[in-house]
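A.B. asks: Input: one structure, supplied below.
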Amino acid sequence: MQIIFFILAGVALVTGGLVVFQRHPLRSALWLIVNFFAVAGIYLLAHAEFIAAIQVIVYAGAIMVLFLFVIMLLNLREPEAEAKFMHLGQKVGGIILAVFTVLLLIYGVMQVVLPPGKAAPPGLGNTESIARLLFTDYLLPFEVTSVLLLVAIVGAVVLAKSKLK
Amino acid sequence: MVVPVSYYLALSVALFALGVIGVLIRRNVLVILMCIEMMLNAVNLAFIGFADYFKAVDGQMFVFFVMTVAAAEVAVGLALIVAIFRNRATVYVDEFNILKW
């Protein structure tokens, strides 16, 4: 099981790096799909079958199709052009900031003292227990989510419309 | 053999860091949006790792909501990119200076 985790983690990290360092946005998007599949595999290892399915359907399916659609709509054939003025400061500053973020995150993770893990409660499967929780304890957030999606739909249509009258 | 929760956290931190690097050094706004997705994914991974560790489904609930927000964010973000592209014919963030006077 740990071997599978290491393989999937390696795939996720390599493809994540490719997403960041590919010059062409289309290739970045395709590598990001592979990345999402690897992360979905890790969700399966962590006994989150429902979330893994949602990850593949929503992220690798819907969201990435939207990305590819926009990349092709904007017709960005040539790779990222050279900047008009030097961006070395931006690159160096960005990497330094990222390293600081990593150090901060690692420090935060090291501070945590975890209580011992529990044994799995018997009974419900993953999807069934999610559904039970979703429609009892988390009913209000679930309903608010639908409003959020409605707002996003209206916002996207209004923004992408060519002329506002 | 169960995967320890620290492995999930380490992978989560690494993916998040890659996303941060991408957001900070890339100029293409589409790639920046993809890197934001990758950071959200890294956070989801930490949630899933803890949900498995504590054997509680609440963590998976939060992943569910994060994914919804991510989908909404991508839809609005891409619409914004299309709108800006129509105005300025560029996808590079250093040329989006319409908010400057």
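A.B. asks: Okay, helix-only estimate at 222 nm for chain A: each DSSP H run of n ≥ 4 adds -39500 (n - 2.57), divide by all residues, round to 500 deg cm²/dmol; what do you get? Walk me through the intermediate numbers first.
C.D. replies: Details: 7 runs with 113 residues, N = 165.
Theoretical 222 nm ellipticity from helices: -22500 deg cm²/dmol.
A.B. asks: Using a 10 angstrom cutoff on alpha carbons, build the Gaussian network for chain B and name the most mobile of B:ALA42, B:ALA70, B:ALA83.
C.D. replies: So, out of B:ALA42, B:ALA70, B:ALA83, the one fluctuating most is B:ALA83.
A.B. asks: If neighbour count is taken as other Cβ atoms inside 10 Å, put A:VAL157, A:VAL113, B:VAL57 in order from fewest to most.
C.D. replies: On the way: A:VAL157 11, A:VAL113 5, B:VAL57 23.
Fewest-to-most ranking of A:VAL157, A:VAL113, B:VAL57: A:VAL113, A:VAL157, B:VAL57.
A.B. asks: Can you name the helices of chain A, as whole DSSP H runs, whose Cα span along the helix axis is 20 Å or more and whose Kyte-Doolittle mean is not below -1.0?
C.D. replies: Working: long enough: A:2-21 (28 Å, 2.42); A:25-45 (30 Å, 1.64); A:88-111 (35 Å, 1.72); A:139-160 (32 Å, 2.44).
TM-like helix candidates: A:2-21, A:25-45, A:88-111, A:139-160.
A.B. asks: Follow-up question, since we're still on this one. Expressed as a rounded percentage, what relative contact order does chain A have, with Cα pairs under 8 Å and six or more residues apart? Numbers along the way, then the final one.
C.D. replies: Values: 75 pairs, mean separation 28.7, N = 165.
Contact order relative to length: 17 percent.
A.B. asks: Report the extension gain between A:ARG132 and A:VAL14 in nm, rounded to one decimal, defined as 0.36 nm multiplied by the number of residues separating them, less their alpha carbon distance.
C.D. replies: On the way: separation 118, 0.36 × 118 = 42.48 nm, distance 3.70 nm.
Between A:ARG132 and A:VAL14, full extension yields 38.8 nm more.
A.B. asks: Viscosity 1.002 mPa s, temperature 20 °C: give me the Stokes-Einstein translational D for chain A in µm²/s, with Rh taken as the Kirkwood radius over C-alpha pairs.
C.D. replies: Here the translational diffusion coefficient equals 106 µm²/s.
A.B. asks: What distance in nm separates the two pseudo spin-label positions at A:GLN111 and A:VAL154, each 7 Å out from Cα along the beta-carbon direction?
C.D. replies: Distance between label points: 4.1 nm.
A.B. asks: Within a 10 angstrom radius of the beta carbon, how do A:THR15, A:THR127 rank from fewest other beta carbons to most? Walk me through the numbers on the way to the answer.
C.D. replies: Details: A:THR15 22, A:THR127 13.
Ascending number of Cβ neighbours within 10 Å: A:THR127, A:THR15.
A.B. asks: Between A:LEU73 and B:VAL69, what FRET efficiency follows from the Cβ-Cβ distance if R0 is 25 Å, with the result rounded to 0.05? Intermediate values should be presented prior to the final figure.
C.D. replies: Values: r = 24 Å, r/R0 = 0.95.
Calculated value: 0.55.
A.B. asks: Output the 0 to 90 degree angle, nearest 10, between the alpha-carbon long axis of helix B:5-25 and the longest principal axis computed from the alpha carbons of chain B.
C.D. replies: 10 degrees
Each reported figure results from applying straightforward, stated rules to the coordinates on display, with no laboratory input. Treat the numbers as computed from the prediction; the structure is a model and nothing was measured. Don't worry about glycine lacking a Cβ; one is built from the backbone with ideal geometry, like all the others, and counts go over all protein chains shown.
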